[in-house]
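Report on the structure given below.
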Amino acid sequence: MILYLPYAVAVWVFLIGLYGLVTTRNFIHAVLCLSVMQSSTYILLLSIGFRRHAGAPIWSQTTPPGSPSVDPVMHALSLTDIVVGATVMALLLAMTMQVHRKTNSVDPRRARSLQG
Amino acid sequence: MTDRARVWVMGLSFVPLAAFLIWGISGLNAFGFYPGPYGDIINAIGDWQRHAWNMATAVNFDYRGFDTMGEEYIMFVSVVGVALILRERELEDKSSRTTLAESERADGVGVLSFVLLPIVVVFGIYMALHGPNTPGGGFQGGAIVGTAFLFAYLGSGHKAFAAIGKTEVVEPLEALGALAYVGIGLVALFLGDEFLTNYLPLGTAGNLWSGGTIWAINIAVLLEIGTGFLLATGEFLKEIQPPE
């Protein structure tokens with residue numbers, strides 16, 4: 001059971017971010033909640049690639065090529081994930097400024113076109 | 001929808017979603033017992049095939065290089081989007097703009113910022129150049145270089161930042177970074193190989209020059225990400241520009 005705890009943490013971080021996104025009253029807060037949700041994918045990816053008693057997939061004089069190592073593909077995917085997260089945040093924050101300029105508010109409830 | 005109804009709908013849908021996710025993770029391998037095989041294959045062949053010692057960089061810029069090209073263009077499109085959205089304010093009357101008076105800065109902050117700025121820029125370039133060997137790479141180095149210029153804003157305000165991040169200079173550089181990635185890949189086609197084949201001399205693993213095109217693509221990404229961050233932060237900073 002304890003061996004599945006890191007995955008459970010990823011699920012918990014995802015759900016807590018989703019809770020924030022649903023109950024948010026501020027677009028900036030919503031963008032940050034989305035970022036929290038995305039952080040769960042880093043935890044999940046890196047947990048999947050982890051291996052006991054193994055080092056980083058980076059060789060050096062002390063850890064020559066072929067030393068026990070975790071999965072580098074997951075590290076590469078996490079890097080992609082982080083870059084995509086940063087770009088999405090930048091774009092969403094710019095949109096938040098645009099909403100504020102048009103409606104003088106950052107409350108999603110006041111943005112008419114977004115009301116469900 | 002009222003707040004109360006919103007919370008109820010969320011509560012009802014959270015239970016099946018949580019159950020679904022927990023069912024999903026229960027099918028994974030136990031933590032710490034990665035079964036392979038892809039990572040193990042990369043770890044086994046990365047050194048002799050590509051002369052690179054950082055396997056994550058080797059995956060990103062060589063084995064999975066085509067995907068990383070898309071990743072770089074996501075960054076490019078995002079910066080263009082930020083600039084397009086925020087520059088709309090230049091068409092509006094200036095009275096609606098948020099203004100913030102330029103505050104006085106302590107001398108110590110100014111001096112420290114201008115000492116740290118070049119050091120952090122050099123550190124970012126170092127991160128990118130050593131991407132094939134040590135933790136780092138073009139994306140990490142670019143993020144450090146691009147945000148280092150915020151020290152200019154911290155030290156002496158908008159004018160210094162605008163002088164460094166001149167859009168006429170930074171925009172072509174960003175385009176060049178995006179073009180260089182495709183250019184490096186296209187050269188392989190002219191040599192009769194597949195797109196993004198590693199055709200440069202591979203060098204010695206562990207030295208500065210190693211990994212062939214991995215190294216070259218790291219420089220292209222450094223240029224693209226560094227200037228991209230500089231442009232995006234510049235656009236956001238213009239939002240709080242003091243009145244002329």
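What follows is calculated from the coordinates using simple rules that are stated; it is not laboratory data. Computed from a prediction, not measured in an experiment: that's the story for all the values here. Heads up, the Cβs are rebuilt from the backbone with ideal geometry, glycines too, and the neighbour counts pull from every protein chain shown.
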Per the filter on region B:113-152, residues among the polar types (S, T, N, Q), within 16 Å of residue B:164 (Cα to Cα) and within 15 Å of the chain's Cα centre (by Cα) are B:147
Filter region A:66-93 for residues that are in a loop (DSSP other than H, G, I, E, B) and at the interface with chain B (Cβ under 8 Å from one of its Cβ atoms); the one that is farthest from residue B:33 (Cα to Cα) is A:66
Practice prompt. Would you be able to say whether some residue in region B:194-208 is of a type outside the set (Ser, Thr, Tyr) and over 30 Å from residue A:60 (Cβ atoms)?
Written response: yes
When region B:180-197 is checked residue by residue, the ones that are part of a loop (DSSP other than H, G, I, E, B) and surrounded by 13 or more Cβ atoms within 10 Å (Cβ to Cβ) are B:195, B:196, B:197
Within region B:228-244, residues part of a loop (DSSP other than H, G, I, E, B) and touching a residue at least 24 places away in the same chain (Cβ under 8 Å) come out as B:239, B:240, B:241, B:242, B:243
So, first residue more than 16 Å from residue B:224 (Cα to Cα) in region B:176-191, second residue of a type in the set (Ser, Thr, Tyr), Cβ within less than 6 Å, six or more apart or across chains; the pairs are B:188/B:197; B:188/B:199; B:191/B:199
inquiry  = If I filter region A:51-63 for residues that are touching a helix residue (DSSP H, G or I) at 6+ places or on another chain (Cβ under 9 Å) and in a helix (DSSP H, G or I), do I get at least one hit?
reply    = no
Would you confirm whether any residue within region B:108-120 is within 24 Å of residue B:214 (Cβ to Cβ) and not β-branched (Val, Ile, Thr)?
-> no
Taking region A:55-65 and keeping residues within 9 Å of chain B (Cβ to nearest Cβ) and either β-branched (Val, Ile, Thr) or surrounded by fewer than 18 Cβ atoms within 10 Å (Cβ to Cβ) (or both) leaves A:56, A:58, A:60, A:61, A:64
Over region A:8-47, the set of residues touching a residue at least 40 places away in the same chain (Cβ under 8 Å) and facing chain B (nearest Cβ under 10 Å) is A:25, A:47
Restricting region B:203-227 to residues that are in contact with a Pro (Cβ under 7 Å, 6 or more places away or on another chain) and part of a loop (DSSP other than H, G, I, E, B), the one surrounded by the most Cβ atoms within 10 Å (Cβ to Cβ) turns out to be B:211
Per the list (1) more than 25 Å from residue B:125 (Cα to Cα); (2) more than 13 Å from chain A (Cβ to nearest Cβ); (3) aliphatic (A, V, I, L, M); (4) outside any helix (DSSP H, G or I), residue check on residue B:200 breaks on (1)
Within region B:126-179, the residues that are hydroxyl-bearing (Ser, Thr, Tyr) and outside any helix (DSSP H, G or I) are B:134
